[in-house]
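**Student:** Here it is, the structure in full.
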Amino acid sequence: MHGVGRTVFSGSKIEEFQVEILGVLDNIGPKESLILGRLSGGPIERTGVMQGMSGSPVYIDGKLAGAVAMAFPFAKEPIAGIRPIQDMVRPSAAPVPAPTASQPAAIALFDRDLSRVLPRPASALAIGERMVDIATPVSFGGFSRAALEVFGPQLRALGLEPRQGVSGGANIPPRMGNPADLQPGAMISIQLVSGDFALGADGTVTYIDGDRVYAFGHRFLDIGSTSLPFARADVITLMPNLNTSFKLSTAREWMGVISQDRNTAVTGELGKRASMAPVSISVSRGAKPVGSYQMQMVNDPLLSPLLLQMAVYSVIDETERTVGASAIRVSGKVEFADSSTPVEVNNMYSADNGSAMLGSLSAAVPVAYVMQSNFRALQLKKVDLRIEAFDQKKQLTIDNISALRHEVKPGEKIQLEVLLTGDNGSELTRQVTYNVPIGAEPGTLYFTVADANTTNLADFRQILSASPHSPAQLISTVNGLHPSTKAYVRVWRADPAFQLEGSDLPDPPASVALILGGAQSSHAGISQTRNAKVAEMELDLGDKVITGSKTVQVEIKE
């Protein structure tokens, strides 16, 4: 049995290629099968199955059978898995349930990999070999080479193949294209970022039913219900490759919105516009402006934080050195729809190497935490960030904390001295005074001076694992995190303590502790902490990043 496929090999011209049907692979997934076909004709003889062909429609006896979707890595022959069209159109009929309640964010405020919440593609087993989705080529425009090298492994694990310097996303005219110009076999590009940075994922249209478009023949990222703009694309050239050949293409005009990204296809609507969030990033070195970047970014809870991280990383990498001692301050605001209070970003990072990654995470992780907490009202509205770079390591390490007296009585003062060290043997001391309350119980009182990360983990441990009750509470938690340019002196006792809905309950009476301890498993807002915080004081040490932690103890006597 033979069929005919359609795809673009050059420009926007849709051309035919031949398909020899070899058989059907049944039950490769739940109620899923694949048609196995050998492709031929045109440049396929030298390129084999190409990245960018995903979604190319295949017709048998003039009827649409499915789309080119899968292939064998390193295959010597152009044999492809063809996704049946009935499997592609099925997902669009399934309604997507809305979240019924808030829940903890998929990303924690101290995460380092924002791509881990995105599902990984699965392989289909066929004839003893591994058949995989044809990788989706992703074109990067404006991003630095180092950004692609750093984030490339994460993207490839998601079934994407990053390419640099072939995207025209920044030059797409704002007007919508004519829907009649888009036909099965045409190339499209899902534009995730456009402007000074551009990022587009390329594939082929399989089927058009009125205003509904079906493409790719497999998942893009399998993120379900979404709103991603797509444009018609032209093929610049074909790149034969010993592993998998690929198309180089560029976006030309906006066509509509991808509204569903499922395992067997992406589906969208022609003529619609996706809501994009404006992103502005300005860079200065000391007090001198270096440059600014403007872009539009998709509004998706899983994608937007990762895209923001890549953009910030690329800006830092492009304008500042990423090897050698340096310091990066990232500040600004992230605004959300239906929220009068923005997320405040204000942190500083210093390192011998890797400050670009730390700086990019400081901007992206709070956005991920807020957007992935399932409050639909918290749609990304605007991002405005300022990056200030320094060519020296602006960092102090907490070396010691000492008490002038180790025994005091209630009502007396405790004098503490904190020693911090920096590069080249520099030292800095700060004094802290604590008034022991009258009536304080005898026993050991601990004083821990620590950096922001240690203090945040101690103060927000229970809050960050609980379900926020409102967008306002969620944003308040994020804005309440301690900045890295201060040291924090925590006064505590080694007594049982609890947190209830984020509020500290230090050293409760035994009867209350018994009730709270028994309620932990049934009440998500209650957790027992390791110690009872009595007080907390700040040390403002200026324009320096503080690291480390030290503890001293003092005895309270009657």
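**Student:** Which of the numbered conditions does VAL205 fail, given that it passes all the others? Conditions: (1) assigned to a strand (DSSP E or B); (2) more than 20 Å from VAL49 (Cβ to Cβ); (3) in contact (Cβ under 8 Å) with a residue 60 or more places away in the chain.
**Tutor:** The failed condition is (2).
**Student:** Okay, moving on. Inspect all residues belonging to the stretch 37-51 and state whether any of them is touching a residue at least 24 places away in the same chain (Cβ under 8 Å), in contact with a Gly (Cβ under 8 Å, 6 or more places away or on another chain) and more than 28 Å from LEU248 (Cβ to Cβ).
**Tutor:** no
**Student:** Still on this structure, please answer the following. State whether one or more residues within the stretch 285-295 are among the β-branched types (Val, Ile, Thr) and open to solvent by less than 50 Å² (accessible area, probe 1.4 Å).
**Tutor:** no
**Student:** Which residue is most open to solvent (accessible area, probe 1.4 Å), if the candidates are limited to the stretch 261-282 and must be part of a strand (DSSP E or B) and in contact with a Pro (Cβ under 6 Å, 6 or more places away or on another chain)?
**Tutor:** So the residue we want is ARG262.
**Student:** Still on this structure, please answer the following. Please work out if ASP338 is part of a loop (DSSP other than H, G, I, E, B), of a type in the set (D, E, K, R) and open to solvent by 10 Å² or more (accessible area, probe 1.4 Å).
**Tutor:** Against the criterion (part of a loop (DSSP other than H, G, I, E, B), of a type in the set (D, E, K, R) and open to solvent by 10 Å² or more (accessible area, probe 1.4 Å)), ASP338 qualifies.
**Student:** How many of the residues in the stretch 62-76 are part of a strand (DSSP E or B) and in contact with a Lys or Arg (Cβ under 9 Å, 6 or more places away or on another chain)?
**Tutor:** 5
**Student:** Pull up the stretch 354-381, narrow it to residues that are farther than 17 Å from PRO278 by Cα and either without any contact (Cβ under 8 Å) to a residue 40 or more places away in the chain or β-branched (Val, Ile, Thr) (or both), then point me to the one that is most open to solvent (accessible area, probe 1.4 Å).
**Tutor:** Across the stretch 354-381, the extreme among qualifying residues is LEU358.
**Student:** Could you say which residue among PRO229, PRO301, PRO305 is surrounded by 21 or more Cβ atoms within 10 Å (Cβ to Cβ), in a helix (DSSP H, G or I) and in contact (Cβ under 8 Å) with a residue 12 or more places away in the chain?
**Tutor:** Sole residue among the options that is surrounded by 21 or more Cβ atoms within 10 Å (Cβ to Cβ), in a helix (DSSP H, G or I) and in contact (Cβ under 8 Å) with a residue 12 or more places away in the chain: PRO305.
**Student:** Let me ask another. State all residues of the stretch 387-404 that are open to solvent by 70 Å² or more (accessible area, probe 1.4 Å) and more than 20 Å from TYR446 (Cα to Cα); if no residue qualifies, say none.
**Tutor:** Once the filter is applied, which keeps residues that are open to solvent by 70 Å² or more (accessible area, probe 1.4 Å) and more than 20 Å from TYR446 (Cα to Cα), the stretch 387-404 yields ASP391, GLN392.
**Student:** Further, regarding this structure: With respect to GLU407, determine if the residue is under 30 Å from ASN346 (Cα atoms), open to solvent by 60 Å² or more (accessible area, probe 1.4 Å) and not aromatic (Phe, Trp, Tyr).
**Tutor:** Criteria not met by GLU407.
The values are calculated or read from the model by the stated rules, or taken from the named source; none is laboratory data. Bear in mind the structure is a predicted one, so any value in this text is a computation, not a measurement. Methodologically, a virtual Cβ is constructed for each residue, glycine included, from the backbone with ideal geometry; neighbour enumeration extends over all protein chains shown. These accessible areas exclude ligands, DNA and RNA; they are computed on the full protein's heavy atoms, side chains included. Shrake-Rupley method; radii C 1.70, N 1.55, O 1.52, S 1.80 Å.
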